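The values are calculated or read from the model by the stated rules, or taken from the named source; none is laboratory data. Every value quoted in this text rests on a predicted model; they were computed, and no experiment measured them. Methodologically, a virtual Cβ is constructed for each residue, glycine included, from the backbone with ideal geometry; neighbour enumeration extends over all protein chains shown.
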């Protein structure tokens with residue numbers, strides 16, 4: 001079994017936890033978010049018929065009161081940047097977090113996902129901004145915590161990128 | 001041939017000459033190019049014959065596999081399905097081969113797993129057993145009933161000093177789980193998520209207090225659990241301990257961690273999420289799964305001594321009693337065997353009591369009396385005696401006396417099967433005995449040549465002729481008179497015996513008298529005194545039961561010889577008569 005540490009990053013209340021809640025295994029209360037700033041969850045995906053376990057470090061949403069701890073990011077094989085489509089500011093936070101992540105773990109695969117795809121009409125993050133992100137090499141997905149959309153694709157895409165970066169040895173099956 | 005560059009071209013040659021030249025050239029070419037031609041033929045054969053190729057490939061196949069394997073995983077991906085199919089086919093075709101191959105690997109692992117399970121079960125069972133009957137065991141049983149938990153678990157919780165329930169080997173940088181072991185029965189959450197959270201908590205604590213990277217969280221405690229963390233350069237060990245562990249346990253953790261770092265340096269340095277290489281750390285981590293329980297309280301030595309002493313005393317007392325009872329029983333059997341007229345045919349000593357069975361002559365001694373004499377309780381012995389006639393001489397003699405009603409003056413003895421009668425008896429008894437003697441069981445013959453027979457009238461006459469004389473005024477029996485009285489006494493006893501067999505009684509009157517000297521009153525008194533003195537001399541108190549004695553006096557005028565000399569009237573006379581038993585009227589006989 002291959003394991004990979006993946007961090008979930010995003011601004012305050014962008015819906016990180018809500019987005020993945022029904023797709024992951026968890027034994028800890030969300031209360032840990034506000035105490036130590038992280039809860040650890042687990043998601044298993046299949047890449048090329050091989051199981052890969054993504055150990056998700058769901059980090060507390062960064063805002064003016066609490067910053068993401070660099071130490072939580074260390075050792076990550078990839079990360080997920082979550083934004084709220086209806087709040088433009090969460091894009092800025094994501095950009096800042098991207099810088100933090102690069103500084104801490106270097107160039108590792110990451111996926112950006114914009115939540116609340118079910119209310120696209122209310123979005124403040126427009127297509128142009130998204131296009132700019134994609135031009136910078138970002139993989140941008142759309143998701144909906146309400147409808148459960150985009151999450152499986154998110155994990156599979158990220159896991160695939162991680163595996164391609166560091167191939168799975170055959171004897172780890 | 002036209003393309004052959006070596007062939008000379010001569011247009012002027014005739015056809016015959018050309019033929020000759022061709023042959024020469026062929027011969028020359030064979031001579032010059034034979035080795036090369038052979039090689040060319042071999043090369044052509046190789047190219048034409050494809051069967052040679054596998055042999056050639058076999059020479060380079062291992063190197064080819066190795067080279068391709070170093071480049072990428074494609075070769076493995078290609079071969080995997082074939083290997084899998086081949087493996088499955090082999091298992092189906094010859095499962096025994098696979099079993100033989102993996103048995104050396106699985107055998108020890110299975111044995112170890114079974115041993116651990118048995119050890120855990122035995123441990124739990126022993127604790128439950130140790131505490132099941134003690135005071136605190138009863139208290140814990142109440143607690144188990146109150147809380148609804150199994151009794152064994154309650155015992156475990158109370159006697160447990162510490163137990164390492166889980167050990168995590170975690171990659172330090174990523175927080176990913178490398179390996180995990182757990183004790184039997186430990187509650188295990190998702191180890192991968194726990195590993196992440198353990199790492200997060202350490203980072204949180206370190207960051208929160210501004211600690212340097214080499215300052216780490218060593219342990220934390222929650223309720224009855226303590227989590228001990230030992231850091232290595234690439235990985236750390238986290239042990240979940242229930243109870244209060246000793247500090248030496250940390251050394252075990254560190255030793256295990258050092259071993260793992262020494263065994264897996266490359267896997268730890270280049271860890272990229274693949275935990276497979278760390279399966280080999282299983283034994284190392286299991287060595288950290290210590291458990292220590294509080295031994296059950298030992299009963300005090302004094303109590304043990306007292307208890308032991310009491311038991312020994314009880315056993316000793318029981319042993320002595322049992323020995324004494326055995327001795328009494330043995331003695332009783334010896335006594336019974338020695339007793340004439342008793343034959344023991346079965347003797348048993350069981351837990352419920354003693355059992356006797358045998359034969360007993362009615363004339364033999366009562367067995368109950370022998371039992372009492374032996375010191376045993378007759379009620380504790382169940383005896384069944386069947387009657388029989390014993391031929392023991394003593395009993396035959398007793399039986400003869402009993403059946404023949406022999407008088408006391410007769411002595412009966414048994415010599416073999418012969419009854420011998422001696423002494424004195426009446427003619428009637430002697431006659432009757434001769435008739436009856438051989439009917440006595442055990443008696444075949446009878447002899448009485450030593451028996452003196454006398455008749456009752458003779459005895460009466462011998463008694464009635466007796467006269468005892470006294471000095472004047474005296475009531476003392478003179479020594480010269482006593483000798484005669486002895487014979488009379490014997491006659492009286494014989495008479496008593498004789499009449500008792502015929503259903504009659506003897507009435508003996510002892511009558512005293514005086515001469516005329518003195519007052520009448522005095523003389524009457526003196527007469528009575530003389531009669532009593534004679535009676536005493538006769539042993540009147542010891543005469544037989546069939547004899548009635550009357551002592552009295554007679555008037556001077558009624559005395560025998562009253563007309564004679566005065567000395568002839570200072571006498572006592574005896575008068576014996578026969579009476580019919582139980583009848584008031586006398587049947588006097590002359």
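Could you tell me whether any residue of the range B:272-280 is assigned to a strand (DSSP E or B) and either in contact (Cβ under 8 Å) with a residue 12 or more places away in the chain or in contact with a helix residue (DSSP H, G or I) (Cβ under 6 Å, 6 or more places away or on another chain) (or both)?
Yes.
Could you tell me how many of the residues in the range B:175-226 are within 9 Å of chain A (Cβ to nearest Cβ), farther than 18 Å from residue B:279 by Cα, in contact (Cβ under 8 Å) with a residue 24 or more places away in the chain and in a loop (DSSP other than H, G, I, E, B)?
Looking only at that region, the number is 0.
Quick one: which residue in B:330, B:349 is touching a helix residue (DSSP H, G or I) at 6+ places or on another chain (Cβ under 7 Å) and surrounded by fewer than 16 Cβ atoms within 10 Å (Cβ to Cβ)? It would help to see each step written out before you state the result.
On the way: B:330 fails: touching a helix residue (DSSP H, G or I) at 6+ places or on another chain (Cβ under 7 Å).
None of the others qualify; the one that does is B:349.
Kindly indicate whether any position in the range B:159-171 is away from chain A (no Cβ under 14 Å), in a helix (DSSP H, G or I) and in contact (Cβ under 8 Å) with a residue 40 or more places away in the chain.
Yes, the range B:159-171 contains at least one residue that is away from chain A (no Cβ under 14 Å), in a helix (DSSP H, G or I) and in contact (Cβ under 8 Å) with a residue 40 or more places away in the chain.
Does the range A:42-54 contain at least one residue that is modelled with pLDDT under 90, within 10 Å of another protein chain (Cβ to nearest Cβ) and within 12 Å of the chain's Cα centre (by Cα)?
Checked against the condition, which is being modelled with pLDDT under 90, within 10 Å of another protein chain (Cβ to nearest Cβ) and within 12 Å of the chain's Cα centre (by Cα), the range A:42-54 yields no hits at all.
Evaluate the following for residue B:293: is it more than 22 Å from residue B:379 (Cα to Cα) and in contact (Cβ under 8 Å) with a residue 12 or more places away in the chain?
Against the criterion (more than 22 Å from residue B:379 (Cα to Cα) and in contact (Cβ under 8 Å) with a residue 12 or more places away in the chain), residue B:293 qualifies.
Among the residues of the range B:432-464, which ones are loosely packed, with under 13 Cβ neighbours inside 10 Å and either part of a helix (DSSP H, G or I) or in contact with a helix residue (DSSP H, G or I) (Cβ under 9 Å, 6 or more places away or on another chain) (or both)?
Selection gives B:435, B:439, B:444, B:445, B:455, B:457.
Out of B:334, B:240, I need the residue that is more than 25 Å from the chain's Cα centre (by Cα) and in contact (Cβ under 8 Å) with a residue 40 or more places away in the chain. Which one?
B:240
Check A:108, A:68, A:27 and return the single one that is assigned to a loop (DSSP other than H, G, I, E, B), at pLDDT below 90 and either in contact with a strand residue (DSSP E or B) (Cβ under 6 Å, 6 or more places away or on another chain) or more than 13 Å from chain B (Cβ to nearest Cβ) (or both).
A:68
Answer yes or no as to whether residue A:101 is within 14 Å of chain B (Cβ to nearest Cβ), in a helix (DSSP H, G or I) and either in contact with a strand residue (DSSP E or B) (Cβ under 6 Å, 6 or more places away or on another chain) or crowded, with 21+ Cβ neighbours inside 10 Å (or both).
Numbers: within 14 Å of chain B (Cβ to nearest Cβ): no; in a helix (DSSP H, G or I): yes; either in contact with a strand residue (DSSP E or B) (Cβ under 6 Å, 6 or more places away or on another chain) or crowded, with 21+ Cβ neighbours inside 10 Å (or both): yes.
Here the answer is no, as residue A:101 does not meet what is asked.
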